[in-house]
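Working notes, structure below.
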Amino acid sequence: MAKTEAREKIPASLWLLLLVVGSAYMTSRYDFQLSTLTIPQFQASLGMSDQQAAFMTGLVKLGAIPAIFMVFWADKIGRKPVFLWSIIGFSIAAVIASRAQSANALLLGLFLTRLFAMIGELLAIVLIAEAAPPKSRAYMLGILAICGTLGDATAIISYGALGDMKDSWRLLYLLGAIPAVLVIFWRKALKESDAFVAATAEHKAHHQSMNPFHGLKANWKTMAGICLVLFLFWIPVSPALSLLSKHLQSDVGWTQAGVSTLQMGAGMMGFVGNSVGGYLSDRIGRKIVGGGGILLTGLGLAGVYFFASTPFIAGFYAVALLGWFATLVATRAITTESFATEARATATGTAEIAASSAAFAGNVLVAQLIPLAGNTGNAILWLTPIVVLCFCAFLFLKETKGRAMT
């Protein structure tokens, strides 16, 4: 009886929705993973220095910030049309990146892929959160994140198979244009969010229009707290993840095949972190899982960049991924559950502005610290104590486990 009360039945329509938006989320993660794995290759192809590559990586992260302006329209005109157009935009941007002949052209392509991929990723989170039963919401967000892990795996496998080919990064990015074909199917299979339809009808009944900023203003303290947590989290974590391939190949002496093997082996922890993290978030709360995940992420990444031994690097990386995915599930659940439907997509996008700004700041800081620290690994280690501040800020967020969508 207790088990039945703990979780509502998940309808078949939600699994179909997960299939549709999960495939888009997979594409977004493919793009993110590819942009970190191929740094040494496009450096060599376009003649970029380590500092230039680190700075470009930070600028690419900023591509997620303009996404807020398009995600805002998802709270005005609906989730479905904005989601579908983001897929088309991502596919076009992937072609631009694959054909870049200069650092500036590559920056444009990667910036746009990050922009449109982020729109799709944010709306995928909102769509699943609004459709999932309250007591299974974090679990379903965890399953959605597993789709992202599959995107990571696709990028890693492709990189390992084609990494030795000349300018293989161009072909890898070109493969990212495939989702444009799937839009034909998604247009038929994807339905508008029931929560958005109900909220729109309620506003019309009161002769009002949807106003996302009204919802944000009414709960600005929570929004500020979430943004602070994400900002402190991503300052050290973003460069640590983005520059890992570069660190292992340049500072530790690993091969491309070795990097791919590490990513595949330790990346399996993503499946555990997403599913178990989501399950535990629905059982014991978002704050316990999220707080523990933050600490595990910091500990794991510090170990990865501190040790040079392969077993230690692999072990600590697995710990970092376990904590990272658990943190993402918990913070996304808190964000989507803290705001009304008219502001939910905008709030999710606003939180991403904090994360992307921190990602940019973290990569720029690393670029500036490299000459002082001696190499990329030491520069990142100097930033890892910021995770402790993130944990402290996270403790002030309110628990949202089991909260119904309004």
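The values are calculated or read from the model by the stated rules, or taken from the named source; none is laboratory data. What you are looking at is a predicted structure, and each value in this text was computed from that prediction instead of being measured. With ideal geometry, Cβ positions are generated from the backbone for all residues, glycine too; neighbour counts draw on all protein chains shown.
The table below gives the values:
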| read-out | value |
| --- | --- |
| Close pairs from the stretch 28-55: first over 19 Å from GLY89 (Cα atoms), partner outside any helix (DSSP H, G or I), Cβ under 6 Å, at least 6 apart | SER45/ASP167 |
| Where ALA354 falls short, out of the listed (1) closer than 27 Å to TRP73 by Cβ; (2) at pLDDT below 90; (3) surrounded by 19 or more Cβ atoms within 10 Å (Cβ to Cβ) | (2) |
| Contacts under 6 angstrom Cβ, first residue in the stretch 348-370 being in contact (Cβ under 8 Å) with a residue 24 or more places away in the chain, partner polar (S, T, N, Q) and surrounded by fewer than 24 Cβ atoms within 10 Å (Cβ to Cβ), 6 or more apart | ALA367/GLN51 |
| VAL364 vs. criteria surrounded by fewer than 23 Cβ atoms within 10 Å (Cβ to Cβ), modelled with pLDDT of 90 or more, among the hydrophobic types (A, V, I, L, M, F, W, C) and under 22 Å from the mean Cα position of the chain (by Cα) | no |
| Among the candidates LEU110, LEU141, residue that is over 20 Å from VAL20 (Cα atoms), at pLDDT 85 or above and touching a Gly at 6+ places or on another chain (Cβ under 8 Å) | LEU110 |
| Residues that are of a type outside the set (Val, Ile, Thr) and under 12 Å from ALA361 (Cβ atoms), drawn from the stretch 234-243 | TRP234, PRO236, SER238, PRO239 |
| The stretch 306-321 - residue that is of a type in the set (A, V, I, L, M) and surrounded by fewer than 24 Cβ atoms within 10 Å (Cβ to Cβ) and, of those, farthest from the chain's Cα centre (by Cα) | ALA308 |
| Subset of the stretch 64-117 [assigned to a loop (DSSP other than H, G, I, E, B) and surrounded by fewer than 24 Cβ atoms within 10 Å (Cβ to Cβ)] | ILE65, PRO66, LYS76, ILE77, GLY78, ARG99, ALA100, GLN101, SER102 |
| Test: residue in the stretch 120-138 that is modelled with pLDDT of 85 or more, within 19 Å of LEU37 (Cβ to Cβ) and in contact with a helix residue (DSSP H, G or I) (Cβ under 6 Å, 6 or more places away or on another chain) | yes |
| Pair list, Cβ < 7 Å and 6+ apart or interchain, from the stretch 387-403 residues that are in contact (Cβ under 8 Å) with a residue 24 or more places away in the chain to residues that are assigned to a loop (DSSP other than H, G, I, E, B) and surrounded by fewer than 20 Cβ atoms within 10 Å (Cβ to Cβ) | GLU399/GLY285; LYS401/GLY285 |
| Helices (runs of 4 or more DSSP H) (entirely within the stretch 162-226) containing at least 2 residues that are under 16 Å from ILE77 (Cβ atoms) and at pLDDT 70 or above | 194-205, 212-218 |
| Residues that are within 25 Å of LEU248 (Cβ to Cβ) and surrounded by fewer than 16 Cβ atoms within 10 Å (Cβ to Cβ), drawn from the stretch 383-404 | PRO385 |
| Members of the stretch 73-105 found to be in contact with a helix residue (DSSP H, G or I) (Cβ under 6 Å, 6 or more places away or on another chain) and over 20 Å from TYR25 (Cβ atoms), listed by number | VAL95, ILE96, SER98, ALA100, ALA103 |
